[in-house]
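Encoded as structure tokens, the structure appears first; notes follow it.
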Amino acid sequence: MLKRFPDRLDPWRFADLGKEFGGELPLDTFSRLSACLLRPVGNVSFKLVFSRDRERRATLGGWLKAVLSLQCQRCLEEVERPVDIRLSTVFVQGLDEAEMLPEEVDPWLVEEDQVVFRELIEDELLLALPQVAMHEPGACHAPAAEMIEERPKESSKQERENPFAVLAEYKRDKQ
Ligand SMILES: [Zn+2]
């Protein structure tokens, strides 16, 4: 099911028209996102819904889903991070307008009355990237994790020191 998506759009007009777009796009067609991925494979599936809210603001609702291939910062191997984004965005024309919005909505600053369709999707995915990607502790192949487990060996050194502590105590008792 191939579907054409607009290149640029006027979000206020699209909101008035109640436009909706659903489909999939390959992740490797987003250059900024691809640069953050270990392997730019798979697709992002999405549904974008333009509408007006009760305050007559132009909003974007819908969702984005993808599985992102990231590099585990512990073992440097691949870690897959599923993202499932619920969109709640209000289009604004200036920062003053953005500041007046309630906290739960994300402002989207529109420049020159136009929004690039693909940037909407790419920016939302970039925002969903974790600052540090890592496997769950049990799933990580890192030798570093084993090293942490080996650490108790140091306590045997402490045990070796213990006789001195016992001796010191013994001496104190004798005085
Ligand atoms: Zn790992």
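The values are calculated or read from the model by the stated rules, or taken from the named source; none is laboratory data. Keep in mind that this is a model prediction, so the values were computed, not measured. Every residue, glycine among them, receives a Cβ derived from its backbone with ideal geometry; neighbour counts consider all protein chains shown. Just so you know, the surface numbers come from the protein's heavy atoms only, side chains and all, with ligands and any DNA or RNA stripped out. Shrake-Rupley method; radii C 1.70, N 1.55, O 1.52, S 1.80 Å.
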Legend entry - Leading residue by the ranking (most open to solvent (accessible area, probe 1.4 Å)) among those in the range 43-88 that are in a strand (DSSP E or B) and within 16 Å of the ligand (Cβ to nearest atom): Glu80
Legend entry - Residues of the range 4-24 satisfying the condition of being open to solvent by 100 Å² or more (accessible area, probe 1.4 Å) and part of a loop (DSSP other than H, G, I, E, B): Arg4, Asp7
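Test Ala98 against the stated conditions and say whether it is over 16 Å from Glu124 (Cβ atoms) and in contact with a Phe, Trp or Tyr (Cβ under 8 Å, 6 or more places away or on another chain).
No, not satisfied.
Return yes when Glu103 is on the phi < 0 side of the Ramachandran plot, within 16 Å of the ligand (Cβ to nearest atom) and charged (D, E, K, R) and no when it is not.
Spelling it out, it is not the case that Glu103 is on the phi < 0 side of the Ramachandran plot, within 16 Å of the ligand (Cβ to nearest atom) and charged (D, E, K, R).
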Legend entry - Number of the condition not met by Trp12 [criteria: (1) touching a Leu at 6+ places or on another chain (Cβ under 9 Å); (2) at pLDDT 95 or above]: (1)
